[in-house]
Amino acid sequence: MKSTTRKTDEEQTELGELLEFSYSPGYSDMAGGYHNEDLHRDENGQWVIISRDRPVFSDPTTIKTYAVTEEAVRDFLSFITEKKFLELQDREESDLFATDYSPWSFTFIFRSTSETDFRPKRYRITEYKEYSKNDRSLIQDTVKQFVAMYGELLSETTEDDR
């Protein structure tokens, strides 16, 4: 078990420290709805996922906060590294006409490990690129890995931000 932990630590060092991960499944209608999820540390230094959902523009936004374990974050980062998920960022732009109101996307932000460039490193994987069948399978598996990180529901609020 230690070798797995050590490998994970090495992988995190290579990428830098994860500061934030955002996932948006996108919407394919013009009803003004949205859904996005952000993984980050809260003000107490604990990992949480903040899920924001508004099915249509005329509805309020439901905001749920979930606890996430350190182990779940390490497992997620190991999966991302092992499967080379961040390389999907480098795929060619597709010629498809953008018909979705909001395309799906993944964004990772890591603290830089560079001693000369301290800017965070950002990786963004978005819908309108050329993906192979294997790439699309990896994208689906990544969503499953992310969903598996959800822990205890800590809070649920509603905001009428219309």
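No value in this document is a laboratory result; all are computed from the given coordinates. No experiment lies behind these values; they were computed from the predicted model shown. Methodologically, a virtual Cβ is constructed for each residue, glycine included, from the backbone with ideal geometry; neighbour enumeration extends over all protein chains shown.
Just a few scattered comments:
- Relative to the current alpha-carbon distance between S114 and L19, full extension at 0.36 nm per residue lengthens the span by 32.7 nm.
- Under-5 Å amide H pairs with G26, H placed in peptide plane, nonlocal only: H35, S105
- E156/E70 FRET efficiency (R0 30 Å; Cβ-Cβ; nearest 0.05): 0.80
- Each label was represented as a point 7 Å from its Cα along the Cα-to-Cβ direction; for R136 and R122 these points are 2.9 nm apart.
- Cα convex hull of region 2-159, projected area averaged across orientations, nm²: 11.1 nm²
- Pairs of Lys residues in region 2-159, spaced 8 or more positions apart or belonging to different chains, with C-alpha separations under 27 angstrom: 20 in total.
- Per-peptide average of other Cβ atoms within 10 Å, ordering 43-49, 69-75 highest first: 69-75, 43-49
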